[in-house]
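K.L.:
Pasting a structure below so you can have a look.
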Amino acid sequence: MFAIQRRPSEVLLGNSPAIHRISALLQKAALTEVPVLITGESGTGKELAARLLHDLGARRAQNFLKVSCPAIPNQLFESEFFGHEQGAFTGAKESRAGKCEQADKGTLFLDEIGELDLALQPKLLHALQDFRVVRLGAVNERAIDIRLICATNRDLEVEVAKGRFRTDLFYRINVLRIQMPALRERASDVRLLMNHFIRLYSGRFGGSPAPLSDSFMKELESYHWPGNVRELENMAKRYVVLGGDEHILSVMRQPEEFNPLVPDAIDLTTPLRVQTKRAVQHLERKIILGVLEAHKWNRRKTARSLDISYRTLLYKIKEVGLPAVSSINPVLNDLPFHNLREMRGANNFR
């Protein structure tokens, strides 16, 4: 079995030829300082590969800085990437280093670079050509020493051909390419990964699920995994929380569950950003409600399962229009699990 690991939840596991190929590429790429482009479908572990590449390289003791390109508004791009001086614009009360400077001597990871607006790409290219940046409001250039890693789930060759991605930027970032395999291409690793995640989240959530049956594992291995390893990890969490495979199988056999963002009808009048926000809120509501019900509306346990803070969960519950407490058993909200067990033992409820 091959394994590269940082922390228990950040491990590249597998026995498949695809994983051995990726491991060899990562180790070879780590010996160089040239830019690396990591491609693959969502959920295949592109960020994990980037972090492992950093940890295997000479800069492992330095900073690893991730920048999600779609998360930075266009009007803030230069300030965020290159920094600014005091007074450079309204609200710039002090000088601040940008992402490029913050990653100096370490690794700069540009996630989902294929989503970067075409108008911003020349500005990024200019900085990457000689690794020098100029803060907003400044005159002098600042040299930066970074290892550049980029990732995308888009086919950038297609984007270049359609004029949506600059050819010169593509060749700047695409020196070494690592294509992360889809989970359906490495079905022999499913059992290993499922067992790993169940052990991990059993320890984290305090559950004790039943052993995986052979029939259940065969279904997992034959499943098409549209969400790849991320989907498998979420299924393992559900298995630990709900304590059985029937809940997993019911979801696997309902393909519409994996397309919750597809609208029933095309809306020709509402802006995309509004439709997108509504779709995301609908999905978040569905997920939060399901986990709340699985935990009998214990919000602290729900927050832990979703890996968010308790305060964030309360905000999300309000934002998506869920009730603040269970209308069925309001007394159960946020009680620790040991209290629930004591109540069950006292036959207060079943």
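K.L.:
Looking only at region 124-147, decide whether some residue is under 24 Å from the mean Cα position of the chain (by Cα) and not in a helix (DSSP H, G or I).
P.N.:
yes
K.L.:
Being without any contact (Cβ under 8 Å) to a residue 24 or more places away in the chain and closer than 16 Å to Phe81 by Cβ is true for just one of Ala143, Ala161, Ala138. Which residue is that?
P.N.:
So the residue among Ala143, Ala161, Ala138 that is without any contact (Cβ under 8 Å) to a residue 24 or more places away in the chain and closer than 16 Å to Phe81 by Cβ is Ala143.
K.L.:
Also: Return the total of residues in region 292-303 being surrounded by 17 or more Cβ atoms within 10 Å (Cβ to Cβ) and at pLDDT 85 or above.
P.N.:
7
K.L.:
For region 174-184, indicate whether the set of residues that are over 30 Å from His20 (Cβ atoms), among the hydrophobic types (A, V, I, L, M, F, W, C), modelled with pLDDT of 90 or more and crowded, with 17+ Cβ neighbours inside 10 Å is non-empty.
P.N.:
Taking every residue of region 174-184 in turn, none turns out to be over 30 Å from His20 (Cβ atoms), among the hydrophobic types (A, V, I, L, M, F, W, C), modelled with pLDDT of 90 or more and crowded, with 17+ Cβ neighbours inside 10 Å.
K.L.:
Tell me which of these Arg135 doesn't satisfy, since it passes every other one: (1) in contact with a Phe, Trp or Tyr (Cβ under 8 Å, 6 or more places away or on another chain); (2) closer than 30 Å to Thr107 by Cβ; (3) not assigned by TED's automatic domain parsing to the domain that holds Thr32.
P.N.:
The number of the failed condition is (3).
K.L.:
Then there is this: Could you please find all residues in region 57-86 being touching a helix residue (DSSP H, G or I) at 6+ places or on another chain (Cβ under 9 Å), in a loop (DSSP other than H, G, I, E, B) and free of Cβ contacts under 8 Å to residues at least 40 places away in the same chain?
P.N.:
Result: Ala58, Arg60, Ile72, Pro73.
K.L.:
For residues that are among the aliphatic types (A, V, I, L, M) and either at pLDDT 80 or above or in a helix (DSSP H, G or I) (or both), scanning just region 265-287, find the one that is surrounded by the fewest Cβ atoms within 10 Å (Cβ to Cβ). Don't jump to the end; show me each part of the working.
P.N.:
The first filter runs over region 265-287 and keeps only residues among the aliphatic types (A, V, I, L, M), leaving 265-266, 268, 272, 274, 279-280, 283, 287.
Pick out the ones that are also either at pLDDT 80 or above or in a helix (DSSP H, G or I) (or both) and you get 272, 274, 279-280, 283, 287.
Values: Leu272: 8, Val274: 11, Ala279: 14, Val280: 13, Leu283: 13, Ile287: 15.
Out of the qualifying residues, it is Leu272.
The rows are residues; the columns are (1) under 30 Å from Ala182 (Cβ atoms); (2) touching a Gly at 6+ places or on another chain (Cβ under 8 Å); (3) modelled with pLDDT of 95 or more; (4) not assigned by TED's automatic domain parsing to the domain that holds Val133.
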| residue | (1), (2), (3), (4) |
| --- | --- |
| Gly45 | yes, no, no, no |
| Ser68 | yes, no, no, no |
| Ile72 | yes, no, no, no |
| Gln75 | no, no, no, no |
| Glu80 | no, yes, no, no |
| Gly87 | no, yes, no, no |
| Arg96 | no, yes, no, no |
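Conditions tested, residue by residue: (1) exposed (fewer than 15 other Cβ atoms within 10 Å of the Cβ); (2) in a helix (DSSP H, G or I); (3) within 24 Å of the chain's Cα centre (by Cα).
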position	(1), (2), (3)
Arg172	no, yes, no
Asn195	no, yes, yes
Arg199	yes, yes, yes
Gly203	yes, yes, yes
Phe216	no, yes, no
Asn234	no, yes, yes
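K.L.:
Considering region 288-316 alone, what residues qualify as being assigned to a helix (DSSP H, G or I), hydrophobic (A, V, I, L, M, F, W, C) and in contact with a helix residue (DSSP H, G or I) (Cβ under 8 Å, 6 or more places away or on another chain)?
P.N.:
Correct list: Ile288, Val291, Leu292, Ala294, Ala303, Leu306, Leu313, Leu314.
K.L.:
Also, quick follow-up: Has region 143-159 got at least one residue that is within 30 Å of Phe216 (Cβ to Cβ), touching a helix residue (DSSP H, G or I) at 6+ places or on another chain (Cβ under 9 Å) and not hydroxyl-bearing (Ser, Thr, Tyr)?
P.N.:
Of the residues in region 143-159, the ones within 30 Å of Phe216 (Cβ to Cβ) are 153.
Keeping just the survivors that are touching a helix residue (DSSP H, G or I) at 6+ places or on another chain (Cβ under 9 Å) gives 153.
Of the ones still in play, those that are also not hydroxyl-bearing (Ser, Thr, Tyr) are 153.
For region 143-159, residues within 30 Å of Phe216 (Cβ to Cβ), touching a helix residue (DSSP H, G or I) at 6+ places or on another chain (Cβ under 9 Å) and not hydroxyl-bearing (Ser, Thr, Tyr): present.
K.L.:
Return the only residue of Ala143, Ala119 being surrounded by fewer than 12 Cβ atoms within 10 Å (Cβ to Cβ), under 18 Å from Ile173 (Cβ atoms) and of a type outside the set (S, T, N, Q).
P.N.:
Ala119
The values are calculated or read from the model by the stated rules, or taken from the named source; none is laboratory data. All of these numbers come straight from a predicted model, not from anything done at the bench. Neighbour counts run over all protein chains shown; Cβ positions are idealised from the backbone, glycine included.
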